[in-house]
Structures are given as structure tokens and as C-alpha cells.
Amino acid sequence: MVADSIEKGTEHEDEYMISEKELLVYSIREAAANNLKRFAEEFGPEWAMQHLVPQVLDMVTNPHYLHRMMVLRAISLMAPVMGSEITCSKFLPVVAEASKDRVPNVKFNVAKLLQSLIPIVDQSCLVDLSEDPDVDVRYFANQALRSIDDAAAAQS
């Protein structure tokens, strides 16, 4: 085991312990996001909207970027369970706001998330969002509409 070969009280031990703690924290966040999905599956979208979604979405303003990224991960897992209407009305505006984040890794995760939402979001929702007052919401809705059009053209 790597930990056994690291001399106690050295800089290497400190570095190893920090990386182990970071890995543990990531694992806990990932498990929490998976549990949110499981709760939504078990109790249904209406229950999740009442008991889970508001608290999750409130974390998007957390000063720590890893918490904001956890919100995006939770959205990616919950959206298929919650359905198109909730995804369009509750999740997409949060995702659009996260696209303005100052941390590049958050914005990168927004891009990945948007790709995964295309099959969930129906086209009429995207058309409505393409006329939203917020410029970023309009931009991402139009991007998703173009992706749907491109996929349809590739199939024909």
C-alpha cells in the first residue's frame, strides 16, 4: 500500500493525506448526488420538488465552487427522473446562471450537463426558453435546438 511506504512526519505524508481527504470528500458528494436521484425515483417528482430541489438549487450560490459543481451533478442525475417540465422550469435557469460562473471548471461542467439534458428537454420547452428575457437562457436554448436539428439531419 502506498500509505505504508510514506515516511511519517514528512511533506509526502501531508500531501498524501490531503489527496486522500479530497478523494473522500468527492466520494461523499457523489454519493449524495446519487442518493438525491434515488429519493426522487422512490418518492416521485412532486415529493422531490417539495423536499429536495429547493435546497439543492439554493447551493448554486455557495461561494465554494465544488458545492456549485455538486448542484450540476445532482441536476444531471435528477433531470431524467424529474421530467421535461421540471427540468425546463427549474433546472435550466440554474444551469444558465451557472454558465456565467467565474470558475472555468464549473462552466465546463455546464457544457457537459447541457449535452446530457437534450434528450430530456422537449422541443417546445426549448422554443419557449429561446424567447426568455435572459440572454444566456436564450443562447443555451438555441444551442440545444441546433443540436436537435443537427441530430435529425444526421439521421436522414
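The values are calculated or read from the model by the stated rules, or taken from the named source; none is laboratory data. These numbers were taken from a predicted model, which means no experiment stands behind them. Cβ atoms come from the backbone with ideal geometry, glycine included; neighbour counts cover every protein chain shown.
Numbers at a glance
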read-out	value
Test: residue in region 64-77 that is more than 10 Å from the chain's Cα centre (by Cα) and either closer than 25 Å to V135 by Cβ or at pLDDT 95 or above (or both)	yes
Whichever residue in region 116-143 is buried (at least 16 other Cβ atoms within 10 Å of the Cβ), at pLDDT 80 or above and of a type in the set (A, V, I, L, M) and, among such residues, is nearest to A96 (Cα to Cα)	L117
